[in-house]
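The values are calculated or read from the model by the stated rules, or taken from the named source; none is laboratory data. Not measured: the values here are computed from a predicted model. Note that we place each Cβ from the backbone using ideal geometry, even for glycine, and neighbour counts take in every protein chain shown.
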C-alpha cells in the first residue's frame, strides 16, 4: 500500500466511529501549520483558495481547483478532503469526468454539492441532484482510488432553509452512494440531530463557522466529522485587514505586537 492509499484508508477509518475535527486550510502554508497542530485530516475551502487569487467564492475554475488540490495534498501527510463545489458541471456525465480528475490529485475525499449557482433557482432539481451524486460515485469506483464521497445539500446556504427538504435530499444522496452527508449552515441543535438521525448509520459532517455549538456537543449529537469552511481564512483576513486599515488611516501599528514566529513553524 503506497502513502496515498494509506491516507485514503485512514480517512475511511476516521469515519467509522467517534468525532474528529477536519479544519480547512487555504494554501500550502496554512495546511502545513494545521498538520503540525495535530489534526487527523484537513479539508480544502473553495472560498479560501478563491480569496488567495483575488476572486469571490465559486469563481475559481476547474483547473485552478485541481492545481490547488494537488498542491495541498502533496504538501502534507494527512488525508485531504476536497471542497469540489458542484463538480464544476451541471451534467452528471461531466461531473463524473471532473470527479475522476480530482480523484487523481492525491486527495482522500471530495464533496459534491447541489447548489446550481442560479439565484432564481439555487438548487439543482431533485432528480438531477441525485443523479449527479450517483455519477460521482461511479467515477470514484471506476478510478479504483477509494476516495470518500460526501454529498452536500446547500439549502441553508443559498436561501432555501427547509430542513425537511434538506433531509430528503441527504437521504437520497446516501442511497445514491455518498459515504458521508453534509448540510452546511444548519445552526440549530434540533436540525443537527435530525440530519444525524435521518442518514444513520452513515456519518455526518457539521460545519461550525459560528459559536452555536462546541465540538463536544456536536459529538454528543452523533456528528462524526467537523469542518470550518472558509472561517479560518476569514479570521486571517480579518486580522490582516484591521492592521492594514489602521496603517492606512492613522499611520499607527498597534496590531504589530504579539505576532507569531511564522518561520519557526516551517524551519
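Structural remarks
- The stretch 99-130, residues that are in contact with a helix residue (DSSP H, G or I) (Cβ under 8 Å, 6 or more places away or on another chain), crowded, with 18+ Cβ neighbours inside 10 Å and more than 17 Å from residue 80 (Cβ to Cβ): 114, 123, 124, 129, 130
- In the condition set (1) in a helix (DSSP H, G or I); (2) in contact with a helix residue (DSSP H, G or I) (Cβ under 8 Å, 6 or more places away or on another chain); (3) closer than 30 Å to residue 255 by Cβ, residue 192 is compliant with all but (3).
- Among residues of the stretch 235-251, those that are surrounded by 10 or more Cβ atoms within 10 Å (Cβ to Cβ) and farther than 30 Å from residue 204 by Cα, counted: 9
- Scope the stretch 74-84; condition more than 11 Å from residue 109 (Cα to Cα) and either in a helix (DSSP H, G or I) or touching a strand residue (DSSP E or B) at 6+ places or on another chain (Cβ under 6 Å) (or both); matching residues: 74, 75, 78
- Check on residue 232, modelled with pLDDT under 95, surrounded by 10 or more Cβ atoms within 10 Å (Cβ to Cβ), on the phi < 0 side of the Ramachandran plot and outside any loop (DSSP other than H, G, I, E, B): no
- Some residue of the stretch 82-97 being touching a helix residue (DSSP H, G or I) at 6+ places or on another chain (Cβ under 9 Å), farther than 23 Å from residue 131 by Cα and buried (at least 17 other Cβ atoms within 10 Å of the Cβ): no
- Every residue from the stretch 177-189 that is surrounded by 20 or more Cβ atoms within 10 Å (Cβ to Cβ) and either assigned to a helix (DSSP H, G or I) or out of contact with any strand residue (DSSP E or B) (no Cβ under 6 Å at 6 or more places or on another chain) (or both): 183, 186
- Hey, residue 210 surrounded by fewer than 19 Cβ atoms within 10 Å (Cβ to Cβ), part of a loop (DSSP other than H, G, I, E, B), within 17 Å of the chain's Cα centre (by Cα) and on the phi < 0 side of the Ramachandran plot or not: yes
- Among the numbered conditions (1) under 25 Å from residue 56 (Cβ atoms); (2) without any contact (Cβ under 8 Å) to a residue 24 or more places away in the chain, the only one that residue 144 does not meet is (1).
- Unmet requirement for residue 118, which otherwise passes all of (1) at pLDDT below 95; (2) within 16 Å of residue 182 (Cα to Cα): (2)
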